[in-house]
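Chemist: Once you've had a glance at the structure underneath, I'll fire off some questions.
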Amino acid sequence: MLLPWAEDLVPIGAISTTQRLIERGILPMLAHPERNLGVIRSPGALDLFLCDGCLVQIDAGSVLGWHGPEVRETAFRLIEAGRVTVLASGAADTSARPPMLRAARDIVAQRFGEELAIRLTELNPTLVAAEALAR
């Protein structure tokens, strides 16, 4: 289940919510936490969620710098720390925000290596989709 976060602080009750989802067999994926001020200030804020088994999806626009330099650097820190499961297009509106996954994937490959870029854009999304279909 994809859980979008507001762009201010880590939502109150978010940990207990994700724990309840996991207890019910629902695997939460946190959507674009790199854009959340609480995570920008303290990327370790995600650790409690990760320990519970949550997945993390960052969006291509963050890697490309569309949301500003702080968000971009936070995305890079999360990738480098191994906290990111999936790099997704983030193209909720294809006319206003066209999918730029290839460009973001190339940046990740240049900065962190081809193997990680493939894992975040191909392998992990395939595994997540397979798991979701199996439920």
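The values are calculated or read from the model by the stated rules, or taken from the named source; none is laboratory data. Because the structure is a prediction, the values reported are computed rather than measured. Quick reminder, even Gly has a Cβ in these numbers, built from the backbone with ideal geometry, and neighbours come from all protein chains shown. Accessible surface is based on the protein model in full, side chains and every heavy atom, while ligands, DNA and RNA are left aside. Shrake-Rupley method; radii C 1.70, N 1.55, O 1.52, S 1.80 Å.
Chemist: Just wondering, is there one or more residues in region 49-60 that are open to solvent by 60 Å² or more (accessible area, probe 1.4 Å), charged (D, E, K, R) and out of contact with any strand residue (DSSP E or B) (no Cβ under 9 Å at 6 or more places or on another chain)? Lay out the reasoning, then the answer.
Modeler: Going residue by residue through region 49-60, those that are open to solvent by 60 Å² or more (accessible area, probe 1.4 Å) are 51.
From what's left, charged (D, E, K, R): none.
No, there is no match, as no residue in region 49-60 is open to solvent by 60 Å² or more (accessible area, probe 1.4 Å), charged (D, E, K, R) and out of contact with any strand residue (DSSP E or B) (no Cβ under 9 Å at 6 or more places or on another chain).
Chemist: Could you run through region 65-101 and say how many residues are open to solvent by 20 Å² or more (accessible area, probe 1.4 Å), at pLDDT 95 or above and in a helix (DSSP H, G or I)?
Modeler: Count: 6.
Chemist: Given the structure, is Gln57 of a type outside the set (Val, Ile, Thr) and farther than 28 Å from Leu133 by Cβ?
Modeler: So Gln57 fails the test.
Chemist: Looking at region 29-48, which of the residues that are assigned to a helix (DSSP H, G or I) and open to solvent by 50 Å² or more (accessible area, probe 1.4 Å) is farthest from His67 (Cα to Cα)? Outline the logic, then answer.
Modeler: So the first thing to find is which residues in region 29-48 are assigned to a helix (DSSP H, G or I), and the list is 33-35, 37-41, 43-48.
This time we only want the ones that are open to solvent by 50 Å² or more (accessible area, probe 1.4 Å), so: 37, 41, 47-48.
Numbers: Leu37: 12, Arg41: 15, Asp47: 23, Leu48: 25 Å.
It comes out as Leu48.
Chemist: Sort out which residues of region 12-47 are touching a Ser or Thr at 6+ places or on another chain (Cβ under 8 Å) and more than 17 Å from Phe76 (Cα to Cα), and write them in order of number.
Modeler: Pro28, Met29
Chemist: I would also like to ask the following. Only one of (1) open to solvent by 70 Å² or more (accessible area, probe 1.4 Å); (2) in a loop (DSSP other than H, G, I, E, B) fails for Ile26. Which number is that?
Modeler: Answer for Ile26: the failing condition is (1).
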